[in-house]
Amino acid sequence: MSENSSTVSSPLVKETFQNFQLNNESIHHSQLRICILKILLTCLRKIMPYINVKITKDAATTIEQKKQIVEEMTQTLVNVLGKKPEHIHIVIDEIEPENRGFAGLLTTEFRRQKN
């Protein structure tokens, strides 16, 4: 692949490639590999819906609840956007309460004040 993005035929790949060029400077091999991976990820996300759910880690959250979240979000994308379930990716990230904050407080502090 040339540094010149005009040699790239797909508009999506061309646009993505242009976004990763810095001031038209040459791209080194390691940078080119990273650029190609980012292009591929960008293309896949445009084709395959990707939902990232971030919740505060809680001992009370069960696998059944997570299963329900995945099933209902998948069904929503099927119903609303007409997507195929096998193309939908859902990732649930559980964040430690001390690594999340709102209203100027860490979640752990907020919960202590609430109780």
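Numbers at a glance
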quantity	calculated
Largest-first principal axis extents of the Cα set of the range 56-115 (Å)	44, 23, 17
Residue pairs, from the table K54/K83; K38/K114; K83/K114, whose Cα atoms sit over 31 Å apart	K38/K114; K83/K114
Cα→Cβ-extended label distance, 7 Å offset, between Q65 and V53, nm	1.0
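Any read-out appearing in this document is the output of simple, stated calculations on the displayed coordinates, not a laboratory observation. Just so we're clear, the structure is a prediction, and the values are computed from it rather than from any experiment. Backbone-built Cβ (ideal geometry, glycine too); neighbour counts: all protein chains shown.
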